[in-house]
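Peer 1: After the structure tokens below, expect a handful of questions from me.
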Amino acid sequence: MSLVVQKYGGTSVGSVERIQAVAQRASATAQKGNSLVVVVSAMGKTTDGLVKLAREISTNPCRREMDMLLSTGEQVSIALLSMALKELGQPAISLTGAQVGIVTEAQHSHARILHIQTERIVRHLNEGKVVVVAGFQGISSTEELEITTLGRGGSDTSAVALAASLGADRCEIYTDVPGILTTDPRLVPDAQLMEEITSDEMLELASLGAKVLHPRAVEIARNYGMPLVVLSSWTDEPGTLVVSPMSQPRSLRDLEIARSVTTVEFDPDQAKVALLRVPDCPGVAARLFGEIALQELDVDLIIQSIHEGNTNDIAFTVNSAILKRAEAVAEAIAPALRSQTGTDSQEAEVMVDRNVAKISIAGAGMIGRPGIAAKMFTALASAGINIGMISTSEVKVSCVIDAQDCDSAIAILCQTFEISSSPIQIPVSSAEVLVLKDKESSRKTSTSLNVGIPTAKELPSVRGVALDLNQVRLAIRNVPDHPGMAAQLFGLLAKENISVDMIIQSQRCRVIDGNPTRDIAFTVSQADAQAAQMTLQQAASILGYGTILLDQEIAKVSIVGAGMVGQPGVATRMFAALAAEQINIQMIATSEIKISCVVNKEQGVSALKAIHSAFGLAGSQKIEVRA
């Protein structure tokens, strides 16, 4: 007999008929001898309707009263589902978040779960009942009993947190698509169902497809080694298994308040190659990295900064052992790239830095927590360490620094993020990288030896493609190039609770009044665009940087796959697919298992389709997304 937690979203319980269908499925699961907890969302568009009612009463409703209002939506669902189960002869009981004992932070509208008091659930399970729980909600404490809601993805989060707290055998997430797909089926009808995906890949693909799984839920599953299965509530297809590492023992207190950073990684044996003033036109990145791939050279970080006039800069890092070969490729291709600009050849150049190291912080808890990058930059600045390159993903921030500063950087970052560390030697391509891992966390990289998870070479090079049309780019010109500037800039945004996604620092150094400066560009959500621009403009005269440019017409397209580690040519394939469609790349940022490009917003969907096709991710069956 297994203990199973099932979660059904709003579409799955959107009508009486759908609730009865869910009851049939839940009853069948219980009849097989399983203990069952069912977490449900509010019916259909109930939450939207409640929000509309509140807005008709008040233009700025109190968050406490909004939580009181919105929590009623799930109470309707659980009561009706419990009734439907009883009509089938299956004993059941409905419980609110408060009755379950889901204790959260005292933060209305976006609380995180601290712990769950499972005694009452266990008692009802032992009585043979299906326990139907209201997702999305909890209480601030067992004394105050203040109702809180968990924000977007709260029902997913509730379900996985309950599964972890109960020690369930698995958590099943039922939604309106048959599982995790290679991309959004509403944009690419031949998107393919994945049989399984690693939790690391799933975290990076937070914006993938129909957004069927919230990253907060994945974070909890990953931390506690909880098997997740994403299925359709409309069919009996097996769905997609989200595989997490074998977890180490972990306290169930402060369940969702995990450390934002659990790992400090570093590679002291890197070198940087930068091509300055390359043409700003489609195909340049494809040509450069195509030549590199032909030489079977494995590239680590890749960044392309914002354009100046008709040129921009592309920089990448490689292991020091292959630097000469990489430099030779760059030197050979640079004249051909220059000739496309029609400018004097002296304007372009290849710049090589042989003495750099890569230092990274990583952790699933970084998602949705503003200020993590700023905290890293501040720590490095306090040690007098200047940052030469920045590259980010949802769960990692990497900086290239002088090799001589590597030991100091490791020490200050471990101290800053309170990581009790022990060195673990992990091979990444031809480089031997040391990883400092928090003893209390379950963090392991995709190349570590995790039981039940294939090694990178056994995984597909690209698992899926994601498109984000809801970001804007801000570019700050002429930022003084000295330790602490990035920390101050992103610290300002963190104080305004603004989350930053991609961060790119240009390689071209411009001297103004005898002082070296660089440009920094980053992306934020559209909702934060004006606040971010205003915040930076107010500090421009104090911090000494130039104009702040805002571009709202961008799209971010990304590929993710744990199998791209140690496989040259993956980036080339992506860049070539875009070049074939005459789509210009405006920014590039990478991590070990993700490559993201910023393109023109009008070309976003075309970029998604081209890349999806280039990696052969299409399936033969058209996926239907239920309304």
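Peer 1: Search segment 1-53 for residues being among the β-branched types (Val, Ile, Thr), touching a residue at least 40 places away in the same chain (Cβ under 8 Å) and out of contact with any helix residue (DSSP H, G or I) (no Cβ under 7 Å at 6 or more places or on another chain), and hand back the single one that is nearest to Val229 (Cα to Cα). Break it down stepwise before answering.
Peer 2: Narrowing segment 1-53 to residues among the β-branched types (Val, Ile, Thr): 4-5, 11, 13, 16, 19, 22, 29, 37-40, 46-47, 51.
Remaining after also requiring touching a residue at least 40 places away in the same chain (Cβ under 8 Å): 4-5, 11, 13, 16, 19, 22, 37-40.
Keeping just the survivors that are out of contact with any helix residue (DSSP H, G or I) (no Cβ under 7 Å at 6 or more places or on another chain) gives 11, 16.
On the way: Thr11: 18, Val16: 25 Å.
Taking the candidates together, the pick is Thr11.
Peer 1: Next question. Kindly state which strands (runs of 3 or more DSSP E) lie completely within segment 325-405 and contain at least 1 residues that are at pLDDT below 85 and touching a helix residue (DSSP H, G or I) at 6+ places or on another chain (Cβ under 8 Å). Break it down stepwise before answering.
Peer 2: Values: elements: 349-362, 389-393, 396-402.
Strands (runs of 3 or more DSSP E) meeting the threshold: 349-362, 389-393.
Peer 1: If the requirement is being among the aliphatic types (A, V, I, L, M) and either more than 27 Å from Arg369 (Cβ to Cβ) or touching a Cys at 6+ places or on another chain (Cβ under 9 Å) (or both), which of these qualifies: Leu125, Leu70?
Peer 2: Numbers: Leu70 fails: either more than 27 Å from Arg369 (Cβ to Cβ) or touching a Cys at 6+ places or on another chain (Cβ under 9 Å) (or both).
The conditions single out Leu125.
Peer 1: May I pose another question? What's the total number of residues in segment 574-627 that are charged (D, E, K, R), surrounded by fewer than 20 Cβ atoms within 10 Å (Cβ to Cβ) and under 24 Å from Ser305 (Cβ atoms)?
Peer 2: Final tally of qualifying residues: 3.
Peer 1: If Leu181 passes every condition in (1) crowded, with 20+ Cβ neighbours inside 10 Å; (2) touching a Lys or Arg at 6+ places or on another chain (Cβ under 8 Å) but one, which one does it miss?
Peer 2: (2)
Peer 1: Identify all residues within segment 244-263 that are among the charged types (D, E, K, R) and more than 19 Å from the chain's Cα centre (by Cα); write none if there are none.
Peer 2: Going through segment 244-263, the residues among the charged types (D, E, K, R) turn out to be 250, 253-254, 256, 259.
Result: Arg250, Arg253, Asp254.
Peer 1: Also, quick follow-up: Would a scan of segment 235-242 turn up a residue that is under 30 Å from Pro370 (Cα atoms) and among the acidic types (Asp, Glu)?
Peer 2: No, because not a single residue in segment 235-242 is under 30 Å from Pro370 (Cα atoms) and among the acidic types (Asp, Glu).
Peer 1: Looking at (1) at pLDDT below 90; (2) touching a Pro at 6+ places or on another chain (Cβ under 7 Å), which is the only condition Ile498 fails?
Peer 2: (1)
Peer 1: A follow-up question, please. Has segment 184-191 got at least one residue that is assigned to a helix (DSSP H, G or I) and either of a type in the set (Asp, Glu) or over 24 Å from Gly563 (Cβ atoms) (or both)?
Peer 2: The initial filter retains those residues of segment 184-191 that are assigned to a helix (DSSP H, G or I), namely none.
No, that holds for no residue.
Peer 1: Looking at segment 447-474 only, could you name the residues that are in a loop (DSSP other than H, G, I, E, B) and modelled with pLDDT of 70 or more?
Peer 2: The first filter runs over segment 447-474 and keeps only residues in a loop (DSSP other than H, G, I, E, B), leaving 447-455, 459-463, 469-470.
Residues satisfying the conditions are Leu459, Pro460, Ser461, Val462, Arg463, Leu469, Asn470.
Peer 1: Hey, could you check segment 30-59 for residues that are in contact with a Phe, Trp or Tyr (Cβ under 9 Å, 6 or more places away or on another chain) and among the polar types (S, T, N, Q) and say which is surrounded by the most Cβ atoms within 10 Å (Cβ to Cβ)?
Peer 2: Taking segment 30-59 as the starting set, the residues that turn out to be in contact with a Phe, Trp or Tyr (Cβ under 9 Å, 6 or more places away or on another chain) are 38-42, 47.
Still in the running and among the polar types (S, T, N, Q): 41, 47.
Details: Ser41: 26, Thr47: 19.
That would be Ser41.
Peer 1: Given the options Gly44, Gly9, name the one that is at pLDDT below 95 and at positive phi. Quick ask: steps written out before the conclusion?
Peer 2: Details: Gly9 fails: at positive phi.
Of the residues listed, the single one that is at pLDDT below 95 and at positive phi is Gly44.
Peer 1: Across segment 467-499, what is the total count of residues that are buried (at least 22 other Cβ atoms within 10 Å of the Cβ), aliphatic (A, V, I, L, M) and more than 16 Å from Ser305 (Cβ to Cβ)?
Peer 2: 2
Peer 1: Something else about it: Inspect segment 302-320 for any residue being outside any strand (DSSP E or B), surrounded by 15 or more Cβ atoms within 10 Å (Cβ to Cβ) and either modelled with pLDDT of 90 or more or outside the structural domain of Thr392 (by TED's automatic domain parsing) (or both) and give the result as yes or no.
Peer 2: Here is the first cut: in segment 302-320, the ones outside any strand (DSSP E or B) are 305-307, 309-310, 320.
Among the residues that remain, those that are also surrounded by 15 or more Cβ atoms within 10 Å (Cβ to Cβ) are: 305-307, 320.
Of the ones still in play, those that are also either modelled with pLDDT of 90 or more or outside the structural domain of Thr392 (by TED's automatic domain parsing) (or both) are 320.
Checked segment 302-320: at least one residue is outside any strand (DSSP E or B), surrounded by 15 or more Cβ atoms within 10 Å (Cβ to Cβ) and either modelled with pLDDT of 90 or more or outside the structural domain of Thr392 (by TED's automatic domain parsing) (or both).
Peer 1: Going through segment 533-561 one residue at a time, which ones are among the small types (Gly, Ala, Ser) and either farther than 15 Å from Glu496 by Cβ or buried (at least 22 other Cβ atoms within 10 Å of the Cβ) (or both)? Walk me through it before giving the result.
Peer 2: Step one: list which residues in segment 533-561 are among the small types (Gly, Ala, Ser), which gives 539-541, 544, 546, 555, 558, 561.
If the condition is that a residue be among the small types (Gly, Ala, Ser) and either farther than 15 Å from Glu496 by Cβ or buried (at least 22 other Cβ atoms within 10 Å of the Cβ) (or both), then Ala540, Ser541, Gly544, Gly546, Ala555, Ser558, Gly561 are the ones that fit.
Peer 1: Related question: Would you mind telling me which numbered condition in (1) buried (at least 21 other Cβ atoms within 10 Å of the Cβ); (2) within 28 Å of Thr182 (Cβ to Cβ); (3) among the polar types (S, T, N, Q) Gln270 fails?
Peer 2: Only one criterion in (1) buried (at least 21 other Cβ atoms within 10 Å of the Cβ); (2) within 28 Å of Thr182 (Cβ to Cβ); (3) among the polar types (S, T, N, Q) is unmet by Gln270, namely (2).
Peer 1: Do we have Ser525 as surrounded by fewer than 22 Cβ atoms within 10 Å (Cβ to Cβ), of a type in the set (Ser, Thr, Tyr) and either in contact with a Leu (Cβ under 9 Å, 6 or more places away or on another chain) or within 30 Å of Ala607 (Cα to Cα) (or both) here?
Peer 2: Values: surrounded by fewer than 22 Cβ atoms within 10 Å (Cβ to Cβ): yes; of a type in the set (Ser, Thr, Tyr): yes; either in contact with a Leu (Cβ under 9 Å, 6 or more places away or on another chain) or within 30 Å of Ala607 (Cα to Cα) (or both): yes.
Judged against the criteria, Ser525 is a match.
The values are calculated or read from the model by the stated rules, or taken from the named source; none is laboratory data. Worth saying up front: this structure is predicted, and the values here are computed from it rather than measured. Counting neighbours? That spans all protein chains shown, and the Cβs are built from the backbone with ideal geometry, glycine included.
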